[in-house]
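Contents: one structure, followed by commentary.
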Amino acid sequence: MEEEEAGPPKRELYALLQVSPEATDEEIKKAYRHWAQVYHPDKYQDFHMKQIATVNFQRICEAYEILSDEYKRQIYDIYGMEGITSGLELGPKLNKVEELKEELQRLRKKKEEEKMFAHFRPSGTILAHLSMPQFLDGDGIMRGMAMASEVQSQLSKRTAIAMGGNLEVNGNSGGGAASTVLRHQLSPVSSIEFIASAGLRALIGVQTTRNLSSHSTATIAIAKSLRDGSINLSNTWTRQLSETANGNIQLLLGPESSIAVGWQKKEEKMSASGELKIGTSSFAASAHYTCRFSSKSHGRIAGRFGSTMLEVEVGGGRKLSNFSTVRTLYTIGIQGIFWKFELHRGGQKLIIPMLLSRHLNPVFAIGAFVIPTSLYFLLKKFVVKSYYLRREKQKTSEIKERSSAQVREARIAAEKAQQLLQTVANRKRSRQLETNGLVITKAVYGNSKALKKADKSREVNNESASEVIDVTIPLNFLINDSGQLQLHEGVKKSGIMGFCDPCPGEPKLLHVEYTYGGQIFEVEVDDYAALLIPENPRA
(Lines give C-alpha, C1' and ligand atoms only; values in the text may rest on other atoms or scores of the structure.)
Protein backbone atom coordinates (compact mmCIF):
# COMPACT_ATOMS: atom_id res chain seq x y z
CA MET A 1 0.00 0.00 0.00
CA GLU A 2 1.12 3.57 -0.48
CA GLU A 3 2.33 5.55 2.47
CA GLU A 4 -0.29 7.60 4.24
CA GLU A 5 -0.42 11.29 3.55
CA ALA A 6 -2.14 12.09 6.81
CA GLY A 7 -1.02 11.31 10.33
CA PRO A 8 1.93 12.43 12.43
CA PRO A 9 5.10 13.60 10.65
CA LYS A 10 7.63 10.77 10.32
CA ARG A 11 10.59 12.70 11.81
CA GLU A 12 12.90 9.87 10.79
CA LEU A 13 15.96 12.12 11.06
CA TYR A 14 15.38 12.28 14.81
CA ALA A 15 15.08 8.49 14.86
CA LEU A 16 18.32 8.24 12.88
CA LEU A 17 20.23 10.21 15.52
CA GLN A 18 18.11 8.72 18.34
CA VAL A 19 17.15 12.09 19.83
CA SER A 20 13.83 13.61 20.84
CA PRO A 21 12.08 16.12 18.51
CA GLU A 22 12.57 18.57 21.41
CA ALA A 23 16.32 17.89 21.62
CA THR A 24 18.65 20.85 22.13
CA ASP A 25 21.45 21.74 19.71
CA GLU A 26 23.94 20.28 22.18
CA GLU A 27 22.05 16.98 22.39
CA ILE A 28 21.91 16.75 18.60
CA LYS A 29 25.65 17.45 18.34
CA LYS A 30 26.41 14.84 21.00
CA ALA A 31 24.27 12.23 19.22
CA TYR A 32 25.96 13.00 15.90
CA ARG A 33 29.41 12.49 17.39
CA HIS A 34 28.32 9.18 18.89
CA TRP A 35 26.90 7.81 15.64
CA ALA A 36 29.74 9.25 13.56
CA GLN A 37 32.18 7.18 15.62
CA VAL A 38 30.12 4.04 15.02
CA TYR A 39 29.78 4.50 11.27
CA HIS A 40 32.96 6.36 10.30
CA PRO A 41 34.45 4.46 7.31
CA ASP A 42 38.01 4.76 8.65
CA LYS A 43 37.13 2.39 11.51
CA TYR A 44 36.78 -0.57 9.15
CA GLN A 45 39.50 -2.37 7.21
CA ASP A 46 37.28 -4.85 5.37
CA PHE A 47 36.23 -3.36 2.01
CA HIS A 48 32.64 -4.64 2.29
CA MET A 49 32.18 -3.25 5.81
CA LYS A 50 33.76 0.05 4.77
CA GLN A 51 31.18 0.41 1.98
CA ILE A 52 28.33 -0.22 4.42
CA ALA A 53 29.78 2.27 6.87
CA THR A 54 30.18 4.93 4.17
CA VAL A 55 26.51 4.76 3.14
CA ASN A 56 25.25 4.99 6.72
CA PHE A 57 27.77 7.68 7.64
CA GLN A 58 26.37 9.83 4.83
CA ARG A 59 22.87 9.36 6.25
CA ILE A 60 24.08 10.48 9.68
CA CYS A 61 25.83 13.54 8.22
CA GLU A 62 22.72 14.52 6.24
CA ALA A 63 20.51 14.24 9.33
CA TYR A 64 22.95 16.34 11.35
CA GLU A 65 23.24 18.97 8.61
CA ILE A 66 19.46 19.50 8.62
CA LEU A 67 18.78 19.28 12.37
CA SER A 68 21.74 21.46 13.33
CA ASP A 69 20.58 24.29 11.06
CA GLU A 70 17.95 26.52 12.70
CA TYR A 71 15.94 27.23 9.56
CA LYS A 72 16.23 23.78 7.98
CA ARG A 73 15.16 22.12 11.21
CA GLN A 74 12.14 24.42 11.49
CA ILE A 75 11.08 23.58 7.94
CA TYR A 76 11.66 19.85 8.52
CA ASP A 77 9.56 19.90 11.71
CA ILE A 78 6.62 21.41 9.80
CA TYR A 79 6.77 19.65 6.43
CA GLY A 80 9.40 16.94 6.71
CA MET A 81 11.73 16.23 3.81
CA GLU A 82 9.20 17.73 1.38
CA GLY A 83 9.95 21.14 2.81
CA ILE A 84 13.70 20.60 2.52
CA THR A 85 13.51 19.48 -1.11
CA SER A 86 10.81 21.96 -2.25
CA GLY A 87 13.20 24.85 -2.84
CA LEU A 88 12.32 27.04 0.14
CA GLU A 89 14.67 30.01 0.41
CA LEU A 90 16.41 29.50 3.73
CA GLY A 91 17.63 32.49 5.66
CA PRO A 92 16.54 35.56 7.61
CA LYS A 93 13.64 36.23 5.21
CA LEU A 94 11.83 33.14 6.47
CA ASN A 95 12.18 33.29 10.22
CA LYS A 96 8.60 32.63 11.28
CA VAL A 97 6.44 29.52 11.10
CA GLU A 98 3.70 31.48 9.28
CA GLU A 99 6.19 32.70 6.66
CA LEU A 100 7.49 29.18 6.12
CA LYS A 101 3.94 27.88 5.64
CA GLU A 102 3.07 30.67 3.19
CA GLU A 103 6.24 30.08 1.16
CA LEU A 104 5.71 26.32 0.92
CA GLN A 105 2.06 26.81 -0.02
CA ARG A 106 3.20 29.19 -2.77
CA LEU A 107 5.63 26.59 -4.12
CA ARG A 108 2.98 23.86 -3.91
CA LYS A 109 0.52 26.04 -5.83
CA LYS A 110 3.16 26.82 -8.44
CA LYS A 111 3.87 23.11 -8.96
CA GLU A 112 0.14 22.36 -9.21
CA GLU A 113 -0.26 25.09 -11.83
CA GLU A 114 2.70 23.79 -13.80
CA LYS A 115 1.23 20.29 -13.65
CA MET A 116 -2.19 21.55 -14.71
CA PHE A 117 -0.83 23.43 -17.72
CA ALA A 118 1.33 20.45 -18.67
CA HIS A 119 -1.84 18.30 -18.86
CA PHE A 120 -4.18 21.00 -20.07
CA ARG A 121 -7.40 20.01 -21.85
CA PRO A 122 -10.27 22.17 -23.03
CA SER A 123 -13.63 21.98 -21.31
CA GLY A 124 -16.82 21.17 -23.15
CA THR A 125 -20.39 19.92 -22.88
CA ILE A 126 -22.49 17.78 -25.21
CA LEU A 127 -26.24 17.80 -24.53
CA ALA A 128 -28.43 15.34 -26.45
CA HIS A 129 -32.21 15.57 -25.92
CA LEU A 130 -34.05 12.30 -26.56
CA SER A 131 -37.82 11.78 -26.71
CA MET A 132 -39.51 8.41 -26.41
CA PRO A 133 -43.04 9.70 -27.35
CA GLN A 134 -41.56 11.30 -30.48
CA PHE A 135 -39.84 8.01 -31.35
CA LEU A 136 -43.06 6.03 -30.91
CA ASP A 137 -44.81 8.51 -33.24
CA GLY A 138 -42.24 7.67 -35.92
CA ASP A 139 -40.44 11.05 -35.90
CA GLY A 140 -37.07 9.81 -34.61
CA ILE A 141 -35.76 9.73 -31.07
CA MET A 142 -33.55 12.84 -31.28
CA ARG A 143 -35.43 15.92 -30.10
CA GLY A 144 -32.54 18.38 -30.09
CA MET A 145 -28.83 18.75 -29.46
CA ALA A 146 -26.45 21.35 -28.08
CA MET A 147 -22.67 21.53 -27.88
CA ALA A 148 -20.43 23.99 -26.09
CA SER A 149 -16.64 24.12 -25.82
CA GLU A 150 -14.09 26.46 -24.27
CA VAL A 151 -10.32 26.72 -24.38
CA GLN A 152 -8.34 28.74 -21.86
CA SER A 153 -4.80 29.99 -22.15
CA GLN A 154 -2.59 31.82 -19.66
CA LEU A 155 -0.95 34.67 -21.58
CA SER A 156 1.05 35.81 -18.56
CA LYS A 157 0.99 35.55 -14.80
CA ARG A 158 -1.80 38.13 -14.62
CA THR A 159 -3.57 37.78 -17.96
CA ALA A 160 -5.62 34.89 -19.36
CA ILE A 161 -7.84 34.46 -22.40
CA ALA A 162 -10.78 32.09 -22.90
CA MET A 163 -12.31 31.35 -26.30
CA GLY A 164 -15.42 29.28 -26.74
CA GLY A 165 -18.43 28.56 -28.83
CA ASN A 166 -21.75 26.75 -28.79
CA LEU A 167 -24.19 25.28 -31.28
CA GLU A 168 -27.80 24.33 -30.64
CA VAL A 169 -30.33 22.50 -32.78
CA ASN A 170 -33.96 22.10 -31.71
CA GLY A 171 -36.39 20.62 -34.22
CA ASN A 172 -36.09 22.57 -37.47
CA SER A 173 -34.36 25.59 -35.95
CA GLY A 174 -30.86 26.16 -34.64
CA GLY A 175 -28.18 28.69 -33.93
CA GLY A 176 -24.77 29.24 -32.49
CA ALA A 177 -22.41 31.75 -30.96
CA ALA A 178 -18.69 32.32 -30.46
CA SER A 179 -17.28 34.22 -27.51
CA THR A 180 -13.97 35.55 -26.21
CA VAL A 181 -13.18 36.61 -22.65
CA LEU A 182 -9.95 38.43 -21.78
CA ARG A 183 -9.22 38.46 -18.04
CA HIS A 184 -6.56 40.60 -16.37
CA GLN A 185 -5.61 40.60 -12.68
CA LEU A 186 -5.27 44.26 -11.73
CA SER A 187 -4.10 43.55 -8.20
CA PRO A 188 -4.30 40.74 -5.61
CA VAL A 189 -7.86 41.88 -4.80
CA SER A 190 -9.30 43.01 -8.14
CA SER A 191 -9.63 41.87 -11.75
CA ILE A 192 -11.27 43.00 -14.99
CA GLU A 193 -12.78 41.02 -17.88
CA PHE A 194 -13.56 42.10 -21.43
CA ILE A 195 -16.29 40.03 -23.12
CA ALA A 196 -17.22 39.78 -26.79
CA SER A 197 -19.71 37.40 -28.40
CA ALA A 198 -20.85 36.95 -32.00
CA GLY A 199 -23.75 34.93 -33.35
CA LEU A 200 -27.17 34.36 -31.86
CA ARG A 201 -26.32 36.44 -28.78
CA ALA A 202 -23.91 39.02 -30.18
CA LEU A 203 -22.76 41.42 -27.48
CA ILE A 204 -19.80 43.27 -26.02
CA GLY A 205 -19.23 43.95 -22.34
CA VAL A 206 -16.88 44.55 -19.46
CA GLN A 207 -16.90 43.12 -15.94
CA THR A 208 -14.84 43.98 -12.91
CA THR A 209 -14.52 42.07 -9.62
CA ARG A 210 -13.06 43.26 -6.34
CA ASN A 211 -12.60 41.67 -2.92
CA LEU A 212 -14.13 44.16 -0.50
CA SER A 213 -12.80 42.18 2.48
CA SER A 214 -11.56 38.71 3.28
CA HIS A 215 -15.24 37.56 3.28
CA SER A 216 -16.95 39.80 0.70
CA THR A 217 -16.68 40.19 -3.08
CA ALA A 218 -18.48 42.56 -5.46
CA THR A 219 -18.85 42.24 -9.23
CA ILE A 220 -20.17 44.89 -11.62
CA ALA A 221 -20.82 44.18 -15.31
CA ILE A 222 -22.21 46.09 -18.26
CA ALA A 223 -23.05 44.52 -21.63
CA LYS A 224 -24.55 45.86 -24.86
CA SER A 225 -26.45 43.66 -27.30
CA LEU A 226 -25.32 44.13 -30.91
CA ARG A 227 -28.67 42.82 -32.21
CA ASP A 228 -31.14 45.28 -30.63
CA GLY A 229 -28.80 47.76 -28.91
CA SER A 230 -30.18 47.05 -25.45
CA ILE A 231 -27.93 47.49 -22.41
CA ASN A 232 -27.80 45.18 -19.38
CA LEU A 233 -26.25 46.25 -16.10
CA SER A 234 -25.65 43.71 -13.34
CA ASN A 235 -24.30 43.94 -9.83
CA THR A 236 -23.46 40.88 -7.70
CA TRP A 237 -22.43 40.75 -4.05
CA THR A 238 -21.03 37.54 -2.54
CA ARG A 239 -20.52 37.07 1.18
CA GLN A 240 -18.92 34.16 3.03
CA LEU A 241 -21.39 33.27 5.78
CA SER A 242 -19.28 30.59 7.47
CA GLU A 243 -16.34 28.31 6.73
CA THR A 244 -18.56 26.13 4.54
CA ALA A 245 -21.32 28.47 3.37
CA ASN A 246 -21.68 31.63 1.31
CA GLY A 247 -24.52 33.72 -0.05
CA ASN A 248 -24.98 36.06 -2.99
CA ILE A 249 -27.36 38.73 -4.25
CA GLN A 250 -27.57 39.67 -7.94
CA LEU A 251 -29.37 42.71 -9.37
CA LEU A 252 -29.93 42.82 -13.15
CA LEU A 253 -31.21 45.98 -14.89
CA GLY A 254 -32.22 45.83 -18.56
CA PRO A 255 -35.04 44.66 -20.84
CA GLU A 256 -35.63 41.74 -18.44
CA SER A 257 -34.75 43.14 -15.03
CA SER A 258 -34.58 40.75 -12.10
CA ILE A 259 -33.20 40.21 -8.63
CA ALA A 260 -31.81 36.88 -7.41
CA VAL A 261 -30.79 35.68 -3.97
CA GLY A 262 -28.69 32.52 -3.64
CA TRP A 263 -27.05 30.40 -0.97
CA GLN A 264 -24.51 27.56 -1.16
CA LYS A 265 -23.08 25.25 1.48
CA LYS A 266 -20.41 22.63 0.86
CA GLU A 267 -19.01 20.21 3.41
CA GLU A 268 -17.07 16.97 3.20
CA LYS A 269 -20.17 14.76 3.27
CA MET A 270 -22.82 17.05 1.79
CA SER A 271 -23.50 20.09 -0.35
CA ALA A 272 -26.63 22.18 -0.72
CA SER A 273 -27.73 25.30 -2.54
CA GLY A 274 -30.81 27.39 -3.13
CA GLU A 275 -31.82 30.34 -5.29
CA LEU A 276 -34.84 32.63 -5.61
CA LYS A 277 -35.15 34.78 -8.72
CA ILE A 278 -37.85 37.38 -9.30
CA GLY A 279 -38.16 39.10 -12.67
CA THR A 280 -40.44 41.64 -14.25
CA SER A 281 -42.66 38.94 -15.79
CA SER A 282 -41.65 35.71 -14.06
CA PHE A 283 -40.23 34.15 -10.94
CA ALA A 284 -38.35 30.93 -10.21
CA ALA A 285 -36.91 29.12 -7.21
CA SER A 286 -34.62 26.12 -7.05
CA ALA A 287 -32.84 24.05 -4.40
CA HIS A 288 -30.66 20.97 -4.37
CA TYR A 289 -29.11 18.70 -1.77
CA THR A 290 -26.28 16.23 -2.42
CA CYS A 291 -25.13 13.68 0.16
CA ARG A 292 -21.92 11.68 -0.16
CA PHE A 293 -22.43 8.11 1.01
CA SER A 294 -18.75 7.28 0.49
CA SER A 295 -15.71 8.60 -1.33
CA LYS A 296 -17.12 7.12 -4.56
CA SER A 297 -20.91 7.45 -4.43
CA HIS A 298 -23.44 10.17 -3.73
CA GLY A 299 -27.17 10.85 -3.81
CA ARG A 300 -28.97 13.96 -5.04
CA ILE A 301 -32.41 15.51 -4.68
CA ALA A 302 -33.43 18.79 -6.29
CA GLY A 303 -36.56 20.84 -6.82
CA ARG A 304 -37.45 23.72 -9.16
CA PHE A 305 -40.65 25.71 -9.36
CA GLY A 306 -41.75 28.99 -10.82
CA SER A 307 -44.10 30.63 -13.26
CA THR A 308 -43.11 28.25 -16.08
CA MET A 309 -41.82 25.15 -14.28
CA LEU A 310 -42.54 22.70 -11.49
CA GLU A 311 -40.40 19.57 -11.12
CA VAL A 312 -38.64 17.31 -8.64
CA GLU A 313 -35.41 15.45 -9.42
CA VAL A 314 -33.83 12.53 -7.54
CA GLY A 315 -30.88 10.31 -8.35
CA GLY A 316 -27.29 9.58 -7.60
CA GLY A 317 -23.85 9.09 -9.03
CA ARG A 318 -20.66 7.15 -8.66
CA LYS A 319 -17.02 8.01 -9.16
CA LEU A 320 -15.50 5.63 -11.70
CA SER A 321 -11.94 6.95 -11.39
CA ASN A 322 -10.02 10.05 -10.31
CA PHE A 323 -11.26 11.84 -13.43
CA SER A 324 -14.61 10.21 -14.28
CA THR A 325 -18.03 10.34 -12.64
CA VAL A 326 -21.34 8.91 -13.87
CA ARG A 327 -24.75 10.09 -12.65
CA THR A 328 -28.34 8.98 -13.32
CA LEU A 329 -31.34 11.15 -12.42
CA TYR A 330 -35.14 10.82 -12.47
CA THR A 331 -37.23 13.96 -13.02
CA ILE A 332 -40.98 14.42 -12.79
CA GLY A 333 -42.76 17.72 -13.43
CA ILE A 334 -45.30 19.60 -15.48
CA GLN A 335 -43.16 19.11 -18.61
CA GLY A 336 -43.28 15.33 -18.23
CA ILE A 337 -41.26 12.42 -16.88
CA PHE A 338 -37.55 12.25 -17.68
CA TRP A 339 -34.51 10.04 -17.22
CA LYS A 340 -31.19 11.81 -17.34
CA PHE A 341 -27.74 10.29 -17.83
CA GLU A 342 -24.56 12.29 -17.16
CA LEU A 343 -20.91 11.39 -17.73
CA HIS A 344 -18.21 13.75 -16.44
CA ARG A 345 -14.66 13.12 -17.59
CA GLY A 346 -12.08 15.75 -16.67
CA GLY A 347 -13.43 19.00 -18.11
CA GLN A 348 -15.80 17.21 -20.51
CA LYS A 349 -19.49 16.49 -19.91
CA LEU A 350 -21.98 14.31 -21.74
CA ILE A 351 -25.60 14.91 -20.69
CA ILE A 352 -28.49 12.89 -22.16
CA PRO A 353 -31.99 13.75 -20.89
CA MET A 354 -34.69 11.39 -22.21
CA LEU A 355 -38.37 12.33 -22.18
CA LEU A 356 -40.35 9.21 -21.26
CA SER A 357 -43.85 10.64 -21.17
CA ARG A 358 -45.52 14.03 -21.47
CA HIS A 359 -48.40 12.85 -19.27
CA LEU A 360 -48.17 12.48 -15.49
CA ASN A 361 -49.67 8.99 -15.22
CA PRO A 362 -49.15 7.84 -11.58
CA VAL A 363 -48.61 4.16 -12.47
CA PHE A 364 -46.13 5.01 -15.22
CA ALA A 365 -44.35 7.54 -12.97
CA ILE A 366 -43.90 4.98 -10.17
CA GLY A 367 -42.76 2.28 -12.60
CA ALA A 368 -40.28 4.63 -14.30
CA PHE A 369 -38.70 5.23 -10.90
CA VAL A 370 -38.92 1.81 -9.23
CA ILE A 371 -37.86 -0.45 -12.13
CA PRO A 372 -34.51 1.23 -13.01
CA THR A 373 -33.75 1.83 -9.31
CA SER A 374 -34.27 -1.87 -8.54
CA LEU A 375 -32.14 -2.86 -11.54
CA TYR A 376 -29.42 -0.51 -10.35
CA PHE A 377 -29.24 -2.00 -6.85
CA LEU A 378 -29.31 -5.54 -8.22
CA LEU A 379 -26.50 -4.78 -10.65
CA LYS A 380 -24.57 -2.95 -7.93
CA LYS A 381 -24.82 -5.88 -5.52
CA PHE A 382 -24.19 -8.80 -7.88
CA VAL A 383 -22.08 -7.25 -10.66
CA VAL A 384 -20.58 -3.85 -9.87
CA LYS A 385 -19.58 -4.59 -6.27
CA SER A 386 -17.82 -7.84 -7.15
CA TYR A 387 -16.08 -6.09 -10.07
CA TYR A 388 -14.78 -3.30 -7.84
CA LEU A 389 -13.66 -5.77 -5.18
CA ARG A 390 -11.66 -7.65 -7.81
CA ARG A 391 -10.24 -4.42 -9.17
CA GLU A 392 -9.28 -3.12 -5.71
CA LYS A 393 -7.66 -6.45 -4.89
CA GLN A 394 -5.71 -6.35 -8.13
CA LYS A 395 -4.74 -2.72 -7.53
CA THR A 396 -3.53 -3.52 -4.00
CA SER A 397 -1.55 -6.45 -5.36
CA GLU A 398 0.06 -4.24 -8.02
CA ILE A 399 0.98 -1.57 -5.47
CA LYS A 400 2.52 -4.18 -3.18
CA GLU A 401 4.41 -5.65 -6.10
CA ARG A 402 5.77 -2.23 -7.08
CA SER A 403 6.78 -1.43 -3.51
CA SER A 404 8.27 -4.88 -2.89
CA ALA A 405 11.49 -3.92 -4.68
CA GLN A 406 11.87 -0.84 -2.45
CA VAL A 407 11.11 -2.92 0.65
CA ARG A 408 13.75 -5.48 -0.37
CA GLU A 409 16.33 -2.73 -0.81
CA ALA A 410 15.38 -1.23 2.57
CA ARG A 411 15.69 -4.66 4.24
CA ILE A 412 19.15 -5.16 2.74
CA ALA A 413 20.22 -1.69 3.93
CA ALA A 414 18.86 -2.41 7.43
CA GLU A 415 20.67 -5.77 7.59
CA LYS A 416 23.91 -4.09 6.51
CA ALA A 417 23.47 -1.42 9.18
CA GLN A 418 22.91 -4.18 11.77
CA GLN A 419 26.20 -5.82 10.77
CA LEU A 420 28.05 -2.71 11.98
CA LEU A 421 26.05 -2.65 15.21
CA GLN A 422 26.39 -6.33 16.04
CA THR A 423 29.83 -6.28 17.70
CA VAL A 424 28.93 -3.47 20.10
CA ALA A 425 25.42 -4.90 20.64
CA ASN A 426 26.88 -8.30 21.62
CA ARG A 427 29.33 -6.61 23.98
CA LYS A 428 26.53 -4.68 25.70
CA ARG A 429 24.42 -7.82 25.90
CA SER A 430 27.23 -9.74 27.61
CA ARG A 431 27.79 -6.92 30.07
CA GLN A 432 24.07 -6.79 30.95
CA LEU A 433 23.95 -10.58 31.37
CA GLU A 434 26.82 -10.38 33.88
CA THR A 435 24.93 -7.82 35.99
CA ASN A 436 21.50 -9.43 35.50
CA GLY A 437 20.45 -6.21 33.73
CA LEU A 438 18.40 -5.44 30.62
CA VAL A 439 18.78 -7.90 27.75
CA ILE A 440 16.60 -7.80 24.64
CA THR A 441 15.95 -11.46 23.82
CA LYS A 442 13.68 -10.83 20.85
CA ALA A 443 12.35 -7.74 19.09
CA VAL A 444 10.28 -7.55 15.89
CA TYR A 445 8.85 -4.51 14.09
CA GLY A 446 6.21 -4.47 11.38
CA ASN A 447 2.58 -4.98 10.43
CA SER A 448 0.41 -4.73 13.56
CA LYS A 449 -2.10 -7.35 12.31
CA ALA A 450 0.68 -9.81 11.47
CA LEU A 451 2.31 -9.33 14.89
CA LYS A 452 -0.98 -9.74 16.78
CA LYS A 453 -1.76 -12.88 14.79
CA ALA A 454 1.74 -14.20 15.50
CA ASP A 455 1.33 -13.37 19.19
CA LYS A 456 -1.78 -15.57 19.36
CA SER A 457 -0.17 -18.46 17.50
CA ARG A 458 3.23 -17.95 19.22
CA GLU A 459 5.02 -18.01 15.88
CA VAL A 460 5.44 -15.90 12.75
CA ASN A 461 4.34 -17.76 9.60
CA ASN A 462 5.95 -17.28 6.19
CA GLU A 463 3.30 -14.82 5.00
CA SER A 464 3.64 -12.63 8.10
CA ALA A 465 7.45 -12.82 8.03
CA SER A 466 7.53 -10.67 4.88
CA GLU A 467 5.82 -7.83 6.80
CA VAL A 468 8.05 -7.80 9.91
CA ILE A 469 11.76 -7.32 10.55
CA ASP A 470 13.92 -8.59 13.40
CA VAL A 471 15.40 -5.62 15.30
CA THR A 472 16.92 -7.40 18.30
CA ILE A 473 20.46 -6.25 17.45
CA PRO A 474 19.66 -2.50 17.10
CA LEU A 475 17.71 -2.43 20.37
CA ASN A 476 20.51 -4.17 22.29
CA PHE A 477 22.89 -1.61 20.80
CA LEU A 478 20.67 1.29 21.97
CA ILE A 479 20.79 0.23 25.64
CA ASN A 480 22.59 3.11 27.36
CA ASP A 481 25.24 3.09 30.10
CA SER A 482 22.49 3.21 32.74
CA GLY A 483 21.05 -0.07 31.45
CA GLN A 484 17.96 1.51 29.90
CA LEU A 485 16.40 1.46 26.44
CA GLN A 486 14.61 4.66 25.44
CA LEU A 487 12.76 5.38 22.20
CA HIS A 488 11.27 8.85 21.88
CA GLU A 489 7.60 9.68 21.38
CA GLY A 490 6.43 11.11 18.07
CA VAL A 491 9.27 9.57 16.05
CA LYS A 492 8.56 6.93 13.40
CA LYS A 493 10.58 3.88 14.37
CA SER A 494 11.45 2.81 10.81
CA GLY A 495 14.05 5.61 10.79
CA ILE A 496 16.12 4.02 13.58
CA MET A 497 19.48 2.62 12.45
CA GLY A 498 19.02 -1.07 11.63
CA PHE A 499 15.24 -0.66 11.16
CA CYS A 500 13.22 -0.29 7.93
CA ASP A 501 9.56 -0.09 6.94
CA PRO A 502 8.64 -3.66 5.89
CA CYS A 503 5.03 -2.79 4.97
CA PRO A 504 4.60 0.82 3.73
CA GLY A 505 1.15 2.26 4.36
CA GLU A 506 0.13 -0.32 6.99
CA PRO A 507 -0.14 0.38 10.76
CA LYS A 508 2.90 -0.97 12.60
CA LEU A 509 3.91 -2.17 16.07
CA LEU A 510 7.15 -2.87 17.90
CA HIS A 511 7.05 -6.09 19.95
CA VAL A 512 9.86 -6.52 22.49
CA GLU A 513 10.68 -9.49 24.72
CA TYR A 514 13.37 -8.87 27.34
CA THR A 515 14.81 -10.08 30.65
CA TYR A 516 15.64 -7.88 33.61
CA GLY A 517 16.54 -8.89 37.12
CA GLY A 518 16.10 -12.55 36.23
CA GLN A 519 12.50 -12.05 35.11
CA ILE A 520 10.96 -12.24 31.63
CA PHE A 521 8.87 -9.37 30.25
CA GLU A 522 7.01 -8.46 27.06
CA VAL A 523 5.98 -5.05 25.79
CA GLU A 524 4.26 -3.79 22.64
CA VAL A 525 4.14 -0.15 21.46
CA ASP A 526 2.71 1.71 18.48
CA ASP A 527 4.86 3.14 15.73
CA TYR A 528 5.04 6.64 17.23
CA ALA A 529 4.75 5.75 20.94
CA ALA A 530 7.57 6.19 23.44
CA LEU A 531 9.32 3.19 25.00
CA LEU A 532 11.33 3.21 28.24
CA ILE A 533 12.46 -0.11 29.78
CA PRO A 534 13.03 -0.63 32.59
CA GLU A 535 11.44 2.50 34.01
CA ASN A 536 13.39 2.33 37.28
CA PRO A 537 16.81 0.72 36.73
CA ARG A 538 18.87 -0.41 39.67
CA ALA A 539 21.42 2.11 40.88
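Report, by chain and number, residues whose modeled amide H sits under 5 Å from the one on Leu320, excluding near sequence neighbours (fewer than 5 apart, same chain).
Thr325, Val326
Collect residues whose amide H, placed 1.01 Å from N in the peptide plane, falls under 5 Å from the amide H of Ile533; neighbours closer than 5 in sequence don't count.
Leu485
With every protein chain left in place and a probe of 1.4 Å, what is the accessible surface of Met81, to the nearest 10 Å²?
Using a 1.4 Å probe on the heavy atoms, I get roughly 70 Å².
Could you state how much accessible area Lys340 has, in square angstrom rounded to the nearest 10, with a 1.4 Å probe and all protein chains kept in place?
Lys340 exposes around 50 Å² with every protein chain in place.
To test your reading of the geometry: what angle, between 0 and 90 degrees and rounded to tens, separates the Cα axis of helix 70-79 from the longest principal axis of the chain?
For 70-79 against the chain, the angle is about 60 degrees.
Starting from the Cα gyration tensor of the range 232-370, take the square roots of the eigenvalues, sort them a ≥ b ≥ c, and report rounded, prolate or oblate (rounded when a/c is under 1.5, otherwise prolate if a/b is larger than b/c, else oblate).
Since a/c reaches 1.5 but b/c is at least a/b, the shape of the range 232-370 is classed as oblate.
Could you point to the label whose value was computed as mean projected area of the Cα convex hull in nm² for the structure here, given (1) 35.4; (2) 33.7; (3) 24.5?
Evaluating mean projected area of the Cα convex hull in nm² on these atoms matches (1).
Once you place label points 7 Å from the Cα toward the Cβ at Ser281 and Val314, how far apart are they in nm?
3.6 nm
Determine the dipole magnitude for the range 385-539: charges of +1 sit on the beta-carbon of Lys and Arg, -1 on that of Asp and Glu, nothing else is charged, the reference point is the Cα centre, and the result goes in debye to the nearest 20.
Its charge dipole is roughly 480 debye.
Would you check the accessible area of Asp139, probe 1.4 Å, heavy atoms only, in square angstrom rounded to 10?
110 Å²
Calculate what fraction, in whole %, of the accessible area of the chain sits on carbon and sulfur atoms when a 1.4 Å probe is rolled over the protein chains.
Of the solvent-accessible surface of the chain, carbon and sulfur hold 56 percent.
Helix 385-434 versus the longest principal axis of the chain: what is the Cα-based angle in degrees, 0 to 90, to the nearest 10?
It is inclined by approximately 20 degrees.
Hey, can you grab everything whose amide H is under 5 Å from the amide H of Lys442? Only 5+ residues off in sequence or another chain; H modelled, so Pro and N-termini drop out.
It is Glu513, by chain and number.
Enumerate the calculated ³J(HN,Hα) couplings along the range 138-152 in order (Karplus 6.51 cos²θ - 1.76 cosθ + 1.60, θ = phi - 60°), each rounded to whole Hz, writing x wherever the residue is Gly or Pro.
Each residue of the range 138-152 in turn: x, 9, x, 7, 7, 9, x, 8, 9, 9, 9, 8, 8, 10, 10 Hz.
Mind checking the angle between helix 362-379 and the chain's longest principal axis? C-alpha axes, 0 to 90 degrees, to the nearest 10.
In the chain, helix 362-379 runs at an angle near 20 degrees to the longest axis.
Holding the Cα-Cα limit at 18 Å, pick out from Lys29/Lys492; Lys416/Lys453; Lys296/Lys380 the pairs that are longer than that.
Pairs exceeding 18 Å: Lys29/Lys492; Lys416/Lys453.
Would you calculate, for the chain, the mean residue ellipticity at 222 nm contributed by helices, counting each DSSP H stretch of 4 or more residues as -39,500 (n - 2.57) and dividing by all residues, to the nearest 500?
Only helices count here, giving -10500 deg cm²/dmol.
Placing +1 at every Lys and Arg Cβ and -1 at every Asp and Glu Cβ, with all other atoms neutral, what dipole size does the range 308-402 have around its Cα centre, in debye to the nearest 20?
The calculated dipole for the range 308-402 is roughly 560 debye.
What are the chymotrypsin sites (Phe, Trp or Tyr not before Pro) within the range 237-322 that DSSP puts in a loop, where the Cβ has at most 15 other Cβ atoms within 10 Å?
When the chymotrypsin sites (Phe, Trp or Tyr not before Pro) of the range 237-322 are filtered for loop state and at most 15 Cβ neighbours within 10 Å, Phe293 remain.
Only Lys, Arg, Asp and Glu count, each charged at its Cβ (+1, +1, -1, -1), so figure out the dipole size of the chain about its Cα centre, rounded to 20 debye.
1300 debye
Leaving ligands and nucleic acids out of the surface, order Arg11, Arg73 by accessible area at 1.4 Å, largest first.
Reading off the accessible areas and sorting them downward yields Arg11, Arg73.
Quick one: which of Lys72/Lys449; Lys395/Lys493; Lys72/Lys319; Lys269/Lys385 span more than 31 angstrom between C-alpha atoms?
Working: Lys72/Lys449 36 Å; Lys395/Lys493 28 Å; Lys72/Lys319 41 Å; Lys269/Lys385 22 Å.
Result: Lys72/Lys449; Lys72/Lys319 exceed 31 Å.
The values are calculated or read from the model by the stated rules, or taken from the named source; none is laboratory data. Computed from a predicted model, the values in this text were never measured in an experiment. Methodologically, a virtual Cβ is constructed for each residue, glycine included, from the backbone with ideal geometry; neighbour enumeration extends over all protein chains shown. With ligands, DNA and RNA removed, areas are computed over all heavy atoms of the protein, side chains included. Shrake-Rupley method; radii C 1.70, N 1.55, O 1.52, S 1.80 Å.
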